[in-house]
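Here the structure is laid out as structure tokens; the discussion comes afterwards.
The values are calculated or read from the model by the stated rules, or taken from the named source; none is laboratory data. Worth saying up front: this structure is predicted, and the values here are computed from it rather than measured. Don't worry about glycine lacking a Cβ; one is built from the backbone with ideal geometry, like all the others, and counts go over all protein chains shown. Side chains included, ligands, DNA and RNA excluded: accessible areas come from the protein's heavy atoms. Shrake-Rupley method; radii C 1.70, N 1.55, O 1.52, S 1.80 Å.
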Amino acid sequence: MRAVRVAEYGSPKNLTVEDLPVPAPGKGECLLAVEAAGLGYVDALLVQGAYQVKTPLPFIPGSEVAGRVEAVGEGVPEKLVGTRVMALSPRGALAERITLPAAVCTPLPDNMSAEAAAGFLVSYCTALYGFENCGKLQPGETVLVLGAAGGVGMAAIDVAKAMGAKVVAAASTEEKRQAASAHGADMALDYSKEDWRKALEEMIGKSAVDVVYDPVGGAFSETAFRCLAPGGRHLVVGFAAGDIPKLPLNLALLKRASLVGVDWGGEIRANAAANVPLMKTLTEWVVDGKIHPEPAATFPLEEAGAVLQSLLERKSVGKPVIRMKG
Ligand SMILES: NC(=O)c1ccc[n+]([C@@H]2O[C@H](COP(=O)([O-])OP(=O)(O)OC[C@H]3O[C@@H](n4cnc5c(N)ncnc54)[C@H](OP(=O)(O)O)[C@@H]3O)[C@@H](O)[C@H]2O)c1
């Protein structure tokens, strides 16, 4: 099978496609013919060995996958063969075949493409967990999404709209702002400008927003926190800008505002059952056409390294998804 393999940590630019043996499904496992694999900023860090947890070498990167069950191991019902599923795996998605515990495979709704499913689990579950469980988002509230044209940001736009919020998408380039608007944002803000807080106030016609969704960090975070209304919630999702910001705590006191950590991965590792209601809601929304997880673009496996590099260089737009051939 064709696969991307990391033999030593380094730049994603150096990744190439190799021919590797097809794995056999063990007890309780499925063998999936991979149709699509989703990529995110974390995958780019893992390839470099720069993430907080290092994946032991050698490894096949990629943790979000969708495909068709091709074979099953001992203890897994034969009737699963042929089922279209999506799953998360610690590694292995950038390959034509992957083995996974059958228990982590979720059947796809009929109207969901493999490309949409491969870019769905991490970013959409994080968004719903963030807005519903952590941010208590209410219909009619105004949400500011930072890094809105990234994979995590685009899902946040979609989920916040499905929850009845008004969404301001903050992004650094015209191309990214257009992509965020096309994905449903009500307004698009250039937050690369010095005075973007003033521009936000003019744009929304009031002085503050109710919720900030922040997968970016760096200098953006404090300004965004200052944009909160009394009782506002700043959702800490990630630090794509690299720097972990420090916040003067008097801001939280003066605004009666909350800073809330959104660690969806940590939550489901501690309590896997917590994801059941999230997935139920999200799959219902997919079936009803209330959310639209289709990726803006797909790429062949040969371009996986370049796609990961573009995430590191802040050039990627939307959720990047790798489409396997035939
Ligand atoms: N909490 C959770 O459970 C959870 C789950 C998944 C991911 N995450 C985190 O969410 C973050 C975003 O992931 P993603 O996959 O959406 O990444 P992404 O597609 O690369 O989007 C990140 C966005 O951050 C902005 N950015 C600002 N400075 C940047 C820089 N120096 N380098 C790269 N991007 C920069 C970019 O938008 P502009 O150019 O418009 O500024 C970019 O579009 C990551 O930190 C990831 O670890 C958290």
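Within the bounds of the stretch 255-277, is there any residue that is under 24 Å from residue 67 (Cβ atoms), at pLDDT 95 or above and not in a helix (DSSP H, G or I)? There is no residue in the stretch 255-277 that is under 24 Å from residue 67 (Cβ atoms), at pLDDT 95 or above and not in a helix (DSSP H, G or I). For residue 212, indicate whether it is of a type outside the set (Phe, Trp, Tyr), touching a residue at least 24 places away in the same chain (Cβ under 8 Å), more than 12 Å from the ligand (Cβ to nearest atom) and surrounded by 15 or more Cβ atoms within 10 Å (Cβ to Cβ). For residue 212, the condition - of a type outside the set (Phe, Trp, Tyr), touching a residue at least 24 places away in the same chain (Cβ under 8 Å), more than 12 Å from the ligand (Cβ to nearest atom) and surrounded by 15 or more Cβ atoms within 10 Å (Cβ to Cβ) - is met. Can you find a residue in the stretch 276-286 that is out of contact with any Lys or Arg (no Cβ under 8 Å at 6 or more places or on another chain), within 14 Å of the ligand (Cβ to nearest atom) and either open to solvent by less than 30 Å² (accessible area, probe 1.4 Å) or on the phi < 0 side of the Ramachandran plot (or both)? Yes, there is a match, as at least one residue in the stretch 276-286 is out of contact with any Lys or Arg (no Cβ under 8 Å at 6 or more places or on another chain), within 14 Å of the ligand (Cβ to nearest atom) and either open to solvent by less than 30 Å² (accessible area, probe 1.4 Å) or on the phi < 0 side of the Ramachandran plot (or both). For residue 134, the criteria (1) within 20 Å of the chain's Cα centre (by Cα); (2) surrounded by fewer than 24 Cβ atoms within 10 Å (Cβ to Cβ); (3) under 24 Å from residue 39 (Cα atoms); (4) not aliphatic (A, V, I, L, M) hold in every case but one, which is (3). Put simply, of 133, 111 the only residue that is in a loop (DSSP other than H, G, I, E, B) and of a type in the set (S, T, N, Q) is 111. Within the stretch 232-254, the set of residues being crowded, with 17+ Cβ neighbours inside 10 Å and outside any loop (DSSP other than H, G, I, E, B) comprises 232, 233, 234, 235, 236.
Any residue that is in a helix (DSSP H, G or I), among the hydrophobic types (A, V, I, L, M, F, W, C) and either over 19 Å from residue 121 (Cβ atoms) or open to solvent by less than 30 Å² (accessible area, probe 1.4 Å) (or both) - is there at least one of those in the stretch 291-299? There is no residue in the stretch 291-299 that is in a helix (DSSP H, G or I), among the hydrophobic types (A, V, I, L, M, F, W, C) and either over 19 Å from residue 121 (Cβ atoms) or open to solvent by less than 30 Å² (accessible area, probe 1.4 Å) (or both). Annotation: residue 144 fulfils all but one of (1) part of a strand (DSSP E or B); (2) within 25 Å of residue 179 (Cβ to Cβ); (3) open to solvent by 20 Å² or more (accessible area, probe 1.4 Å); the unmet one is (3).
I'd like to know if the stretch 260-268 contains one or more residues that are near the ligand (Cβ under 9 Å from one of its atoms), open to solvent by 30 Å² or more (accessible area, probe 1.4 Å) and touching a Pro at 6+ places or on another chain (Cβ under 9 Å). The answer is no; no qualifying residue exists. Take residue 217 and tell me if it is open to solvent by 40 Å² or more (accessible area, probe 1.4 Å), small (Gly, Ala, Ser), on the phi > 0 side of the Ramachandran plot and not in a helix (DSSP H, G or I). No.
Kindly indicate the residue of the stretch 147-164 that is among the small types (Gly, Ala, Ser) and part of a helix (DSSP H, G or I) and also farthest from the ligand (Cβ to nearest atom) among those meeting that condition. The selected residue is 162. Considering 174, 222, 202, the condition of being open to solvent by 10 Å² or more (accessible area, probe 1.4 Å), under 17 Å from residue 254 (Cα atoms) and in the same structural domain as residue 151 (by TED's automatic domain parsing) is satisfied by 222 alone.
I'd like the residue in the stretch 155-170 that is within 25 Å of residue 255 (Cα to Cα) and of a type in the set (Gly, Ala, Ser) and, out of all such residues, is surrounded by the most Cβ atoms within 10 Å (Cβ to Cβ). Selected residue: 156.
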